[in-house]
Amino acid sequence: MRFESAHEAQPLSSIRDAMGSTDEGAMNSRRFAAIVLAAGKGTRMKSDVPKVMHALANRPLVQHVLAALAPLAPERTVVVLAPGMDAVAAAVAPAGTAIQAAPLGTGDAAKSGLAAIDDLLAAQAVADVLVLFGDTPLITTATLEALLEERRRAPAAAAVVLGMRPGDPAEYGRLVLSASGVLEAIVEAKDADAEQRRIGLCNSGVMAIDAGHVRALVGAIGNDNAKGEYYLTDIVAIARRQGLPCRVVEAPVDELAGINSRADLAAAEAIMQRRLRAAAMAGGATLTAPETVFLSADTRIGRDVTIGPFVYCGPDVVIEDRAQILSFCHFTGARIAAGAIVGPFARLRPGAEIGEDAHIGNFVEVKKAKIGRGAKANHLSYIGDAEIGAKSNIGAGTIT
C-alpha cells in the first residue's frame, strides 16, 4: 500500500484562480489573521541574538516573513515570542505580539497567538488563520495566497498544510494522504514506519486553518509524547477524527527551508541573492557578472542601470535610472541619482547623495555629503559632512 497518489497535492498553478465575487460576503470570507511563531531560541546558531533577528540580505529573518504577508493585507498579524524578546517585538512592529511563557511546542505557541486574536474569532471577522514561522524567510506571497485559496476551495477544508519534496526527507514529518488526496495525518520522522518513510511529500509546518474550527482543534491537542510538548501538526488527525477534510498544497523546497544554523543561513542567502539579482535584471538593469553582485532586500535599482562585477549594496541604497556602477564598489545608506558614474573602488557611506551625472571615481569615499549635479571627484579623495556644488571638480588627495 502506498500513501501517495496522483491527487495528493494541489500544484500552485492549478489553484491560483480568479478572485471571483467582490460583494461584501465574499470579501469577508477572504479576511484572515496570521500567527507567526518566532519564540525559538535557535541554539544551533550559537548566538546571543534571537534566531529570527539574524539577517538575510540585510533584513532580519522575521521581517522577510512579514513582508511576504503584507500584500495579502491580513486583518491582524501576531508574532509569538518568548519572554524577554523585546528586540524582536520592536523589529516586528506594527505587528502585534503574544508571549509563549514556556517552550511547550508549536501547539502551545499557536494557542498563545490565538489568544491575541480571540476578539476576531468571536466576532467571526476572519475566515482563516494562517500559521507560519519566523525562520522561513524565503516563503513568497504567491505561495501564501495559494494556501489560503486552497483552504477555501469547496468543500472548504478544516486545515491545509504546505507540503514540499526535499531531496533528503529524512528529518521531516511525512504527509499521509488517502487515495483521493485527503490529508489523513502528519507523521513525525521519528514516529514513521518503513512505509511512511518512503513518502516523499513532507511537512513544512505552515498551514491555513478554518477560523471556525481553529480554537477547538488547537484546544484538543495533547502532550502525550516523549517530549511532553503540544504539536500543532496533531490538528490534522484531530480534524479527521471529527470527519473534517484536510488537504495539502505543494510548494518549492527553496521557499520552505527553515534557518537553524549558520550553514542554513548561508544557503538561504545564496537563494535570496539569486532572487534579488533576477528581479533587478527583470526590471531593466544590466549586471555584467550577477553572481558577484550582492544586494539588500530594500535595494532599489532603476532602468538602464549598469552594475559591474563585485559591487555590494548594503541597506538603504537607491540607484536611479541610467547610473553606471563600476567594479569593486561598496554602498550603504546612499542615493545615486540618474546618469551618475560611480567607481571603480568607490565607497559610499550613509548619507551620501550623488547628484545627476556626477562622477565618483576610484578610491573615493563619501559620507553624509551631497555631491552636486555634474560634479566630479575622480580619485583618491574623502568627502565627509560636506556639500559639493554643481560642476565642481575635487582634485586628487582632497580631504574634507
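What is the fewest-to-most order of Asp119, Asp48 by other Cβ atoms lying within 10 Å of their Cβ?
Values: Asp119 9, Asp48 5.
Final ranking by Cβ density, sparse to dense: Asp48, Asp119.
Can you tell me the relative contact order of region 12-256? Whole percent, Cα pairs under 8 Å, sequence separation 6 or more. Display every interim value, and only then the final one.
On the way: 474 pairs, mean separation 56.6, N = 245.
It comes to 23 percent, rounded to a whole number.
Normalised by the residues of region 260-400, what does the relative contact order come to in percent, with Cα pairs under 8 Å and at least six apart?
Computed value for region 260-400: 12 percent relative contact order.
Would you mind checking the tilt of helix 262-282 against the longest principal axis of the Cα atoms of the chain, expressed as 0 to 90 degrees and rounded to 10?
Roughly 60 degrees between the two axes.
Listed here are the pairs Lys41/Lys111; Lys41/Lys368; Lys51/Lys367; which of them are more than 29 Å apart at the Cα? Display every interim value, and only then the final one.
Values: Lys41/Lys111 19 Å; Lys41/Lys368 37 Å; Lys51/Lys367 32 Å.
Pairs exceeding the cut-off: Lys41/Lys368; Lys51/Lys367.
Let a ≥ b ≥ c be the square roots of the eigenvalues of the Cα gyration tensor of region 12-256; is it rounded (a/c under 1.5), or, if not, prolate (a/b larger than b/c) or oblate?
Numbers: a/c = 1.33, a/b = 1.06, b/c = 1.26.
Taking the square roots of the gyration eigenvalues as a ≥ b ≥ c, region 12-256 is rounded.
Could you tell me the calculated FRET efficiency between Glu188 and Asp118, based on Cβ-Cβ distance and R0 = 35 angstrom, to the nearest 0.05? The partial results should precede the final answer.
On the way: r = 29 Å, r/R0 = 0.83.
Plugging the Cβ-Cβ distance into 1/(1 + (r/R0)^6) gives 0.75.
For helix 106-115, report the angle its Cα long axis makes with the longest principal axis of the Cα atoms of the chain; keep it between 0 and 90° and round to the nearest 10°.
Here the helix axis deviates by roughly 80 degrees.
Using Cα positions and a limit of under 14 Å, work out the aspartates and glutamates in reach of Lys46, with same-chain residues fewer than 8 apart set aside.
Leaving aside aspartates and glutamates fewer than 8 places away in the same chain, those within reach of Lys46 are Asp264.
What's the exposure ranking of Met207, Met85, going from fewest to most Cβ atoms within 10 Å? Spell out each step's value before the answer.
On the way: Met207 27, Met85 22.
Ranking Met207, Met85 by Cβ neighbours within 10 Å, fewest first, gives Met85, Met207.
Under a Cβ-Cβ cut-off of 14 Å, what is the net charge of the residues other than Gly372 that fall near it, where Lys and Arg count +1 and Asp and Glu count -1? Please report the intermediate quantities before stating the final value.
Numbers: positive: Arg335, Lys370, Arg373, Lys376, Lys391; negative: Glu353, Glu356, Asp357, Glu387.
For residues surrounding Gly372, the net value is +1.
Running a GNM on the chain with Cα contacts under 10 Å, which residue among Gly107, Gly243, Gly163 ends up with the highest mean-square fluctuation?
It is Gly243.
On a straight-distance basis, which aspartates and glutamates could pair with Lys376 in a cross-link, Cα separation under 15 angstrom, same-chain partners fewer than 8 positions away excluded?
Within reach: Glu353, Glu356, Asp357, Glu365, Glu387.
Under 26 Å from the Cα of Lys370, which lysines turn up, not counting those fewer than eight places away in the same chain?
Leaving aside lysines fewer than 8 places away in the same chain, those within reach of Lys370 are Lys391.
Indicate the gyration tensor shape class of region 283-394 (rounded, prolate or oblate), computed on the Cα atoms with a ≥ b ≥ c the square roots of the eigenvalues: a/c under 1.5 is rounded; otherwise a/b larger than b/c is prolate and the rest oblate. Could you put the intermediate results ahead of the total?
On the way: a/c = 1.60, a/b = 1.52, b/c = 1.05.
Cα axes put region 283-394 in the prolate bin.
Take the chain, connect every pair of alpha-carbon atoms lying under 10 Å apart with a spring to form a Gaussian network, then pick out the residue of Leu217, Leu72, Leu148 with the largest mean-square fluctuation.
Fluctuation is largest for Leu72.
No lab work stands behind these numbers, since they all come straight from the coordinates. Nothing here was measured: the structure is a model prediction, and the numbers come from that model. Positions of Cβ are backbone-derived with ideal geometry, glycine not excepted, and every protein chain shown enters the neighbour counts.
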